[in-house]
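Chemist: Please find one structure pasted underneath; my questions will follow.
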Amino acid sequence: MNDVTRHVLVLPDRDAAEDVATELTDLFGLAEEPQLVRDALAGEDDAEDAQWLVVVEDPDARLDPEALDALAAEHDGWLESP
């Protein structure tokens, strides 16, 4: 069984998450589009208080975590530590 590297970028809103997903696909020529996931903050029901996750499958472990973190930072986000 192969372990697939998965990167999770945390973004402040859906627009930022969509922008990052598009840029990731363009910059790194991803075979699969990143998955967008709404992550409601604990105890919050308001959609405005949700972070968005961009989940990137990296089966060949070829994506540079520092580059991913820098891209997320451009959109006020960050790369989650594994």
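Chemist: Report the residue count in segment 56-72 for those that are open to solvent by 60 Å² or more (accessible area, probe 1.4 Å) and farther than 11 Å from VAL10 by Cα.
Modeler: Qualifying residue count for the region: 8.
Chemist: Do we find a residue being modelled with pLDDT under 95 and open to solvent by less than 50 Å² (accessible area, probe 1.4 Å) anywhere in segment 73-81?
Modeler: No.
Chemist: For segment 6-34, what are the residues that are surrounded by 13 or more Cβ atoms within 10 Å (Cβ to Cβ), within 10 Å of HIS75 (Cα to Cα) and of a type outside the set (A, V, I, L, M, F, W, C)?
Modeler: PRO12, ASP13, ASP19
Chemist: Hey, any hits in segment 35-50 for a residue that's charged (D, E, K, R), in a helix (DSSP H, G or I) and at pLDDT 95 or above?
Modeler: Checking segment 35-50: not a single residue is charged (D, E, K, R), in a helix (DSSP H, G or I) and at pLDDT 95 or above.
The values are calculated or read from the model by the stated rules, or taken from the named source; none is laboratory data. These numbers come from a predicted model, not from an experiment. Backbone-built Cβ (ideal geometry, glycine too); neighbour counts: all protein chains shown. Only protein heavy atoms, including side chains, enter the accessible area calculation; ligands, DNA and RNA are left aside. Shrake-Rupley method; radii C 1.70, N 1.55, O 1.52, S 1.80 Å.
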